[in-house]
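Values quoted throughout were computed directly from the atomic coordinates according to the rules given, and no laboratory measurement underlies them. Fair warning: this is a prediction, and the values are worked out from it, not measured in the lab. Reconstructed Cβ throughout: ideal geometry from the backbone, glycine too, with neighbour counts over all protein chains shown.
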Amino acid sequence: MSSVELKNISKSFRYVQALEDVSFMVRDREFFVLLGPTGAGKTTTLRIIAALLKQDSGTVLFDDEVVDAMTPADRDVAFVFQQYSLYPTMSVYDNLAFPLRSPLRKTPEDEIKAKVTHVAEILRISHLLDRKTARLSGGEMQRVSIGRAIVREPRIFLMDEPLSNLDAKLRESLRVELQHMQKTQGNTTLFVTHDQIEALTMADRIGVLNEGHLVQVGTPEDIYDRPATTFVAQLVGTPRINLVPGGRDNGTFFIKDSLMHLPAPEGRSLPDNVLVGIRPEDIFIDPAGQFSGTILLTEPLGVETIVHIKSGEQMLLSLAPGITQLRRGVDVTFNILLDRLHYFDQTGKRLA
Amino acid sequence: MSDFYETGPSKPVTESIRVDKVSPRSRRIHSLRAIVVIALAIFLLIPIFIMAMTAFKTRSDVVSSPPKTVFEPTLEGFVFLFTERAIITPGRITKLQEAAESGDLGLFDRIALKSGQEITGPSDYVTRLKNSLIIAGVSTLLSVILGFFAAYAFSRFNVPGKDDLMFFILSTRMLPAVVVTIPLFLMYRQLGLHDTHIGMILLYTVFNLSLAVWLLKGFIDEIPTEYEEAALVDGYTRMQAIRKIVLPQAMTGIAATAVFCLIFAWNEYAFALMLTSNTARTAPPSIATMLGRGGIEWSAIAAGSLGFLIPVVIVVFLLRDYLLRGVTFGAVRK
């Protein structure tokens, strides 16, 4: 396993700037997740690392060694595609054996057999080895595709939204399996996803990508609790963070178009106009609450209920534990955890 | 039916109304369609059937009116087609008759005595058929191989001026063959390509290449690039990936293209007539010239045409699996 570093990578296609000056490092044995919406440049990044695409400028380093001139085969990475991309004319066994049969490796056939059998056991696909790939379910296909990656020891695993074509149940179980495998085998993994839950649950570190720019790199806690921009704040967390305009008025601090006046945050000076981010779980309904509003809607999820509260003209989402008895149209009072507020300036940057 | 939905069944439901069963109506349509297809096939096969019958008729049976449907089959037509014959001299006839009386007369001698003609060697048609096989076979092979690589490049890489090039390739087919035969004839004579195998192979390859590139590009476009990319990452070079991944999946398209190219090169008449005279002459013009040599040998012409059909039938038969199989049966989910 290797570390992989990107230095000032830029790439543009005919009409779009796909990546602009992206630099980050995936440490050895780390599970790094690139998170971003569709079109952010995540797949482009992966393809550049695999040498399936050539960057316009910048350098890719494996273990501090420049690999820009190397072909995909020589870089020795493993790629798990979103579309599985199992070779349709081959059986599952041949698919798994394919990387080992590469002229680069020249693995003897009995060693291939041992390795394939071993991998099939790990992924619980031993019973499928003789099958043609067209006759597999989505989950089985993705297992084979992952198996094709782990059958050899590549320098890094590149995974391009491998779970996004699976149904929710399967996604959850494969997510756990992947994480378990990565932790027990210590594989360096770069995982691309647009699903913030996958990112938060699996990553050692997350890099948030938006429109070709790397917005923030950090641990899941960093990303969730100290988002660098409103974009990051809105990208992670469901339900979505409340983002409301705030202003100052004679030493107090208020949320515009609402009934909420907050004490001015201590020990920090804020500009006159800011954006305030409040996580739904930091707003809770309390009979002795400081603020008041009307319930617009409730969305019971079982474990918790999303309560839509209208205060003045502002809409706020709040999370209440379990299933509440609150009904729409009811007036409520609520409290906010003031020390957990996020402040952003007008351009969306976090105010320290 | 509408009553059923409003009021429910008025009496116990004893038969299934599941929609996934074939309704009698659609089954009727289905069988009607089968009948139409069979009738059409028979109708279209009539000329071939008549040709096949003619090939086995004797000279008198061929011209008899009304045409005979029941007749004694003979290989006379094939003999005429494949052999060069000479009329036996009177001296030889007497010699043969003597031999016949003494009882030691071989099969060929007996035929010679009966027909008054003797086989002197194989006819031109044999070499012509061989020419056809060589020229059509090699040009098809070249068209498909060159076309495959060109189509692959057009499909996968950013070839500068790709659209213009593709149009240019297609435009080589826009002039009717007749228009270009004269200039080609002059060019070929200057270059010494007239009446050579290489010349004809070159011509048919160029002609078929445009078709092959366009057809194959369509088929290769259908194969997702991820397969090759997966192979590249798995430690294979581009050429190895093409051989192991693209080629097996493109077989359907390659087979279809090969059949098209073969049929064109095999059937081509105008160029062959103009640009060949003897050594490289192919079968189609030579069948036609049989019309004019010492009366019309209908059974020989029919036999020639029948024999001419067979190689194409064999090729199509061998490739039938590829031709019939669906284009995408892969494990890519879209």
What average count of beta carbons from other chains do you get within 10 Å of the Cβ of residues in A:307-314? 0
At 222 nm, what helix-only mean residue ellipticity would the protein assembly as shown give, in deg cm²/dmol to the nearest 500, using -39500 (n - 2.57) for each DSSP H run of four or more? -14000 deg cm²/dmol
For region A:296-352, which trypsin sites (Lys or Arg not before Pro) are in a loop by DSSP, counting at most 14 other Cβ atoms within 10 Å? A:Arg327, A:Arg328
Say the dipole of the protein assembly as shown comes from +1 at the beta carbon of Lys and Arg and -1 at that of Asp and Glu; which of B:Ile296, A:Pro220, B:Val246 then lies farthest toward its positive end? B:Ile296
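Can you tell me the dipole magnitude for region A:242-344 around its Cα centre, using point charges on the Cβ only (Lys, Arg +1; Asp, Glu -1), in Debye to the nearest 20?
100
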Can you tell me how chain B classifies by the Cα gyration tensor, rounded, prolate or oblate, using a/c under 1.5 as the rounded cut? oblate
Hand me the trypsin sites (Lys or Arg not before Pro) from region A:29-84 located in a DSSP loop with no more than 12 other Cβ atoms within 10 Å, in residue order please. A:Lys54
With +1 on each Lys and Arg Cβ and -1 on each Asp and Glu Cβ, and nothing else charged, work out how big the dipole of region B:47-97 is about its Cα centre, in Debye to the nearest 20. 180
Counting only chymotrypsin sites (Phe, Trp or Tyr not before Pro) that are in a DSSP loop and have at most 12 other C-beta atoms within 10 Å, tell me the longest site-free stretch of chain A. A:16-352
Can you pull a Stokes-Einstein diffusion coefficient for the protein assembly as shown at 10 °C (1.306 mPa s), Rh from Kirkwood over Cα pairs, as a whole number of µm²/s? 48
Over 22 Å between C-alpha atoms is what I'm after, so list which of A:Lys54/B:Lys217; A:Lys7/A:Lys54; B:Lys57/B:Lys114; A:Lys54/B:Lys162; B:Lys130/B:Lys217 land there. A:Lys54/B:Lys217; B:Lys130/B:Lys217
Provide a whole-number value for the mean count of partner chain Cβ atoms within 10 Å of the Cβ atoms in peptide A:72-84. 5
Lys/Arg Cβ at +1, Asp/Glu Cβ at -1, dipole of the protein assembly as shown taken about the Cα centre: which of A:Pro162, A:Thr252, B:Ser102 is farthest positive-ward? B:Ser102
Among the trypsin sites (Lys or Arg not before Pro) in region A:124-197, which ones are in a DSSP loop with at most 16 other Cβ atoms within 10 Å of the Cβ? Mind listing them? A:Arg124, A:Arg131
Mind sorting B:Arg92, B:Arg25 by how few other Cβ atoms lie within 10 Å of their own Cβ, fewest first? B:Arg25, B:Arg92
When we measure straight from the Cα of A:Lys115, which lysines land under 27 angstrom away, once same-chain ones fewer than 8 places off are left out? A:Lys106, A:Lys132, A:Lys183, B:Lys244
Nearest 10 degrees is fine. How inclined is helix B:247-267 to the longest principal axis of chain B, computing both from alpha carbons? 40
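For region B:208-272, what does the relative contact order come out to in percent, with C-alpha contacts under 8 Å and a separation of six or more?
Worked out over region B:208-272, it gives 47 percent.
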Report the Cα centroid-to-centroid distance between region B:142-211 and region A:223-291 in angstrom, as an integer. 71
Over region B:125-324, what is the mean sequence separation of C-alpha contacts under 8 Å (at least six apart), divided by residue count, expressed as relative contact order in percent? 34
What order do you get for B:Phe185, B:Phe308 when you list them from fewest to most C-beta neighbours inside 10 Å? B:Phe185, B:Phe308
Springs between alpha-carbon pairs under 10 angstrom, Gaussian network model over chain B: which of B:Thr172, B:Thr252, B:Thr120 fluctuates most? B:Thr120
